[in-house]
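The structure appears below as structure tokens.
The values are calculated or read from the model by the stated rules, or taken from the named source; none is laboratory data. This structure is a prediction, so every number in the text was calculated from the model and none was measured. Every residue, glycine as well, gets a Cβ built from its backbone with ideal geometry; the counts of neighbours run over all protein chains shown. Areas reflect the complete protein model, heavy atoms only, side chains present, ligands, DNA and RNA absent. Shrake-Rupley method; radii C 1.70, N 1.55, O 1.52, S 1.80 Å.
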Amino acid sequence: MKQRKVNQYICDFCGMKKYSKHAMEIHEKHCTMNPNRECRMCVQLSGNQFEMDTLKSYFPDPAEFYLLDDLVNQGGDEFTAMDGETNPEVILLIKHINVAIDKVLEDTEGCPMCTMAVLRQLKIPIPLTTFDYKGVRKNALETIKNQRESYYDQINTGVFL
């Protein structure tokens, strides 16, 4: 039997573990729990990145999020507490969160990664929102693909718009 000692690197933001220092440095730079993260998708979508503090400011006061602790998503906009009762304050809070998500998507030009980062950093349970990560990511990747095709078409034809 062989035994060897290896270094394990742990992300300071999310706790992910890796055995390569270089891989962990890259992960930490773009980690969705990093408040000063660099978003690779924003750079491809719009060429710039938005401040996380600005995006977080669209959301209600995190002190109110305790209301979300015991909720169960019944599908759509229907949420009930574990005891089966629905609190009107909770419904209003979730509506405010969904409006804030729409504002973040608008400002980031549809970046799913920045939206996910804000939700994770504010500890908002994703299933309680209307945020469709897979759908938004698919649209963003399609936009990036179209931008690249347009760019290459311009290069091939020599006509730059």
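Structural remarks
- Protein heavy-atom surface of segment 5-57, 1.4 angstrom probe: 47% of the accessible area is carbon and sulfur, with nucleic acids and ligands not counted.
- Heavy-atom accessible area ranking, 1.4 Å probe, most first, across TYR19, TYR133: TYR19, TYR133
- Cα gyration tensor shape of segment 1-73, rounded if a/c is under 1.5, else prolate or oblate by comparing a/b with b/c: oblate
- In the structure shown, the pairs LYS29/LYS56; LYS95/LYS145; LYS18/LYS138; LYS18/LYS103; LYS95/LYS123; LYS29/LYS145 are assessed against 26 Å; a Cα-Cα span above that value is assigned to LYS95/LYS145; LYS18/LYS138; LYS18/LYS103.
- Per-residue [θ]222 nm for the chain (sum of -39500 (n - 2.57) over DSSP H runs n ≥ 4, rounded to 500): -15000 deg cm²/dmol
- Note on segment 23-70: with charges restricted to the Cβ of Lys and Arg (+1) and Asp and Glu (-1), its dipole about the Cα centre is near 360 debye.
- Per residue, the convex hull volume that the Cα atoms of segment 95-152 enclose (Å³): 71
- Cβ charges +1 (Lys, Arg) and -1 (Asp, Glu), total dipole of the chain, debye: 1420
- Principal axes of the chain: Cα extent on each, largest first, Å: 62, 61, 29
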